[in-house]
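The structure follows.
The values are calculated or read from the model by the stated rules, or taken from the named source; none is laboratory data. Because the structure is predicted, anything quoted here is derived from the model rather than measured. Neighbour counts are summed over all protein chains in view; Cβ atoms, including those assigned to glycine, are modelled from backbone coordinates with ideal geometry.
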Amino acid sequence: MHKTLTGKYSAPVPRYTSYPTAPHFGTHITNADYIQLLQALGEGDKLSLYVHIPYCDRLCWFCACHTKHTLRYEPVADYLEALTREVEAVSKQVSCKALVKALHFGGGSPTLMTPHDIRRVGALFRSAFNFAPDAEISVEMDPNDMDEARYDALADIGMTRASLGVQDFQPEVQKAINRIQTFEQTKSVVDAVRARGVHSVNCDLLYGLPHQTLDTLAATVRQILTLDPDRIALFGYAHVPWMKKHQTMIKEEVLPDVDQRFDQSRMAAAMLIESGYQPIGIDHFAKPDDSMAVAAREGRLRRNFQGYTDDGAETLIGFGASSIGQFRQGFVQNQTATGEYQRMTEAEGLTVVRGLAFSEEDRLRGYAHHVRLCRLVRGPEAALRASRRYGDCRSQAFRRAEHGWSRRNSRWCVPAQRNRAPVCPHRGRAVRRLPRKWQGAALHRGVNAQQLPGKSVISLSQAIGFCNRFAYSIAE
Ligand code: SF4
């Protein structure tokens, strides 16, 4: 059964960390637009801040991040000077009444920074923005960088969540991806951050890596579980050597095929669920009392460029080369090339070169993606169950909702008639009711969708179709 599905849904699709996705951004969005977006923030706005450090002292061959290999610290120090200029320029435009709920350091390897620079950058953000007392400070950590001085520096800036990439502990797999990181190294990082009061540890696992088998992955999952992480992300390795040249170092003949990937994903997810983790969205797992698991149960889960989040912030401000910001009105993206990014901070402070202003149709499609990614799928098993239950009917079901959205008087959009069998206004015959959870989404969006032109609504089912394929390709 599942082999039919994997064949059907294994085609490459966009990575929906946003809708519309980054390749749709245009160069018509500039610093002038960014200033307007920043100035519009005020009291009641919750902010999530992302800081990108695009340097690593090793280059893992599976990596798809925007990063550069460096063995010297000078480029990092120069970059941090530029980052300082950008933070100051942004903070001048943002009202002190906007409240920071989360600060995330990603990359690259933020732990490449010296302890002195970790403290300096942490203090820079604290002085430039108004932080909530319970703000989460999360840092992506490379165990190979860590020493006592760095642990202390991260504790000093108030780190609350440590995020560790693990991938797979088997030596043959690690050699094939050029990332040697023993279980003992990983455990020492977890122990050290917990000893300094960090309340949450997140581990990233990958399936679909070269030489990876069900046995190697199961062994890695068992080892990870002994670390008792609060959250675990289970991602599929995306082999895109035409985009990331260093991935050509990975031999395609030793990569698991699509059915093996499906089996690996399903097995790892089952192991995590059996161990008490709650599946979150399409690729995360959390302890039931973790704030993300609570947010998922309460329907507060969101997805942004860092993955799933429960910070409740509608606005994401990105700092550093290539960072993306998300506002109610649209997306902005900083200059990607680090040299040009640094030059722009000297000239203007801000470095936005691309972006996208939302149309009403983008909002509708974006909401459909949000529902699909944050609420409908509860892990690979649920995705499979849903596919068995609804199969091809799913797209029909959404098409029925789409008819409802396109008509002001449709029964799908009128709550008073929710309990009656709806009539498809286009075909004029009775159809089955939508599953209740989808109906809620249809009703919720129905209010605004009434103003949409018909063609916008028709394209919604295509958006949903993409979502389905994306979810299956990740889940499987
Ligand atoms: S996986 Fe992490 S440490 Fe490795 S190259 Fe990518 S960003 Fe750097």
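How many residues, within the range 251-282, are within 20 Å of residue 175 (Cα to Cα) and not in a helix (DSSP H, G or I)?
First, the residues of the range 251-282 that are within 20 Å of residue 175 (Cα to Cα): 251-257, 261, 264.
Of the ones still in play, those that are also not in a helix (DSSP H, G or I) are 251, 255-257.
Of the residues in that region, 4 qualify.
On to the next question. Applying the selection to the range 283-303, what residues are closer than 20 Å to residue 203 by Cβ and part of a strand (DSSP E or B)?
Step one: of the range 283-303, the residues closer than 20 Å to residue 203 by Cβ are 283-296, 301, 303.
Listed by number, the residues that qualify are 284, 285, 286, 303.
List every residue pair whose Cβ atoms sit under 7 Å apart, with the two residues 6 or more apart in sequence or on different chains, where the first one lies in the range 158-172 and is more than 11 Å from the ligand (Cβ to nearest atom) and the second, anywhere, is part of a loop (DSSP other than H, G, I, E, B).
159/198; 160/198; 160/199; 161/198; 162/198; 168/209; 168/212; 172/211
Taking the stated definitions as given, is residue 223 modelled with pLDDT under 95 and over 21 Å from the mean Cα position of the chain (by Cα)? Give the derivation first.
Details: modelled with pLDDT under 95: no; over 21 Å from the mean Cα position of the chain (by Cα): yes.
When the stated conditions are applied, residue 223 does not pass them.
Restricting to the range 103-131, name every residue that is more than 16 Å from the ligand (Cβ to nearest atom) and either charged (D, E, K, R) or not in a helix (DSSP H, G or I) (or both). Give the steps one after another, and end with the answer.
First, pick out the residues of the range 103-131 that are more than 16 Å from the ligand (Cβ to nearest atom): 103, 114-131.
Passing the criteria: 103, 114, 117, 119, 120, 126, 129, 130, 131.
I'd like the residue in the range 64-75 that is in contact (Cβ under 8 Å) with a residue 40 or more places away in the chain and not in a loop (DSSP other than H, G, I, E, B) and, out of all such residues, is nearest to the ligand (Cβ to nearest atom).
Among residues in the range 64-75 that are in contact (Cβ under 8 Å) with a residue 40 or more places away in the chain and not in a loop (DSSP other than H, G, I, E, B), the one nearest to the ligand (Cβ to nearest atom) is 68.
Another question, then. From the list 88, 148, 136, exactly one residue is touching a strand residue (DSSP E or B) at 6+ places or on another chain (Cβ under 6 Å), in the same structural domain as residue 188 (by TED's automatic domain parsing) and away from the ligand (no atom under 14 Å from the Cβ). Which is it? Explain how you work it out, then say what you get.
On the way: 88 fails: touching a strand residue (DSSP E or B) at 6+ places or on another chain (Cβ under 6 Å); 148 fails: touching a strand residue (DSSP E or B) at 6+ places or on another chain (Cβ under 6 Å).
Of the residues listed, the single one that is touching a strand residue (DSSP E or B) at 6+ places or on another chain (Cβ under 6 Å), in the same structural domain as residue 188 (by TED's automatic domain parsing) and away from the ligand (no atom under 14 Å from the Cβ) is 136.
Which one of these is within 25 Å of residue 290 (Cβ to Cβ), touching a residue at least 12 places away in the same chain (Cβ under 8 Å) and buried (at least 20 other Cβ atoms within 10 Å of the Cβ): 132, 153, 176, 192?
Testing whether each residue is within 25 Å of residue 290 (Cβ to Cβ), touching a residue at least 12 places away in the same chain (Cβ under 8 Å) and buried (at least 20 other Cβ atoms within 10 Å of the Cβ) leaves just 192.
Residues of the range 85-102 being in a helix (DSSP H, G or I) and buried (at least 16 other Cβ atoms within 10 Å of the Cβ), which ones?
To start, the set of residues in the range 85-102 that are in a helix (DSSP H, G or I) comprises 85-93.
If the condition is that a residue be in a helix (DSSP H, G or I) and buried (at least 16 other Cβ atoms within 10 Å of the Cβ), then 85, 86, 87, 89, 90, 91, 93 are the ones that fit.
If you check 300, 266, which single one turns out to be at pLDDT below 95, surrounded by fewer than 21 Cβ atoms within 10 Å (Cβ to Cβ) and under 18 Å from the mean Cα position of the chain (by Cα)? Outline the logic, then answer.
Values: 266 fails: under 18 Å from the mean Cα position of the chain (by Cα).
Checking each option against the conditions leaves just 300.
Would you say residue 154 is within 16 Å of the ligand (Cβ to nearest atom), farther than 29 Å from residue 37 by Cβ and assigned by TED's automatic domain parsing to the domain that holds residue 322? Before the answer, list the steps.
Numbers: within 16 Å of the ligand (Cβ to nearest atom): no; farther than 29 Å from residue 37 by Cβ: yes; assigned by TED's automatic domain parsing to the domain that holds residue 322: yes.
Answer is no for this residue.
Still on this model: Can you tell me how many residues within the range 33-63 are away from the ligand (no atom under 16 Å from the Cβ) and not charged (D, E, K, R)?
13
Looking at residue 26, is it in contact (Cβ under 8 Å) with a residue 40 or more places away in the chain, farther than 24 Å from residue 132 by Cβ and of a type outside the set (Phe, Trp, Tyr)? Walk me through how you get there before you give the answer.
Values: in contact (Cβ under 8 Å) with a residue 40 or more places away in the chain: yes; farther than 24 Å from residue 132 by Cβ: yes; of a type outside the set (Phe, Trp, Tyr): yes.
So residue 26 fits the description; yes.
In the range 157-189, what residues are part of a strand (DSSP E or B) and at pLDDT below 95?
Quick first cut of the range 157-189, residues part of a strand (DSSP E or B) only: 161-167.
Matches in the range 157-189: 165, 166, 167.
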